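Heads up, the thing below is written out as structure tokens.
Just so it is clear, none of the values below were taken in a lab; they were calculated from the coordinates. Note that the structure is predicted; figures quoted are calculated from it, not measured. Neighbour counts are summed over all protein chains in view; Cβ atoms, including those assigned to glycine, are modelled from backbone coordinates with ideal geometry.
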Amino acid sequence: MRVVLASGNRHKARELMRLLPGWEVEPYPGPLPEETGETFRENALLKARHVRGEVDGDLWVLADDSGISAAALGGAPGVRSARFAGEQATDAENLAALLQALEAVDDRRVAYVAELVMISPDGRELYARGELRGTLAKEPRGSGGFGYDPAFVPDDYPGDPRTMAELTPDEKDAISHRGRAARELAIWLARAEDAARPRGAISDLFGRKRDRP
């Protein structure tokens, strides 16, 4: 499946291709709308719908909005994760800002959240969400990953002090928030393709918002 990712971030495109074997994910090179949403899903929808209107009608469009939330900061940086230290901030600057904000704080619980929105060639929408909980290390470690990975120690490997940037790609993909969302998305698409319904299974699944606890 050929998919246009509503992002110029090649790290995300490569990660999604690892997570979704057989998918050809191409970053969108053009400008994207300002992320004015109050939630990750709202921002993902803004980007997905914009790119849907800009690319070949036969292509699928996939948008991701993700970030980190710190319990001690009431959920911040949240949707401002990519610009926590300023509108043009680098990954390193954003991470430094978060480490400074939590420098004297005992509660270092954090969570990664990813929302994916996929739009079919005929405009129907599918949603998926993934979450990963962990703690923020005092200092960054590791050279893998991107964003806040060098300080994010996941809960999924109890007793393992490594950050997401120190895990192998396979270890990271197995637990990552984006990986969980991508696998949920793939499951829904597979179910749609396997179901034999007169109206078309994909049309039954796209646009359906499931209740979450």
Do you know the relative contact order of region 119-174, to the nearest whole percent, from alpha carbon pairs under 8 angstrom that are 6+ apart? 29 percent
Place the peptides 10-23, 112-125 in order of packing, highest mean first, counting for every residue the other Cβ atoms within 10 Å and averaging per peptide. 112-125, 10-23
Centroid-to-centroid separation of region 1-58 and region 63-96 [C-alpha atoms, Å]: 19 Å
Can you classify region 1-71 as rounded, prolate or oblate using the Cα gyration tensor, where a ≥ b ≥ c are the square roots of its eigenvalues, rounded means a/c under 1.5, and otherwise it's prolate if a/b beats b/c and oblate if not? oblate
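Just how large is the dipole of the chain about the Cα centre, in debye to the nearest 20, putting +1 at every Lys and Arg Cβ and -1 at every Asp and Glu Cβ?
It works out to roughly 480 debye.
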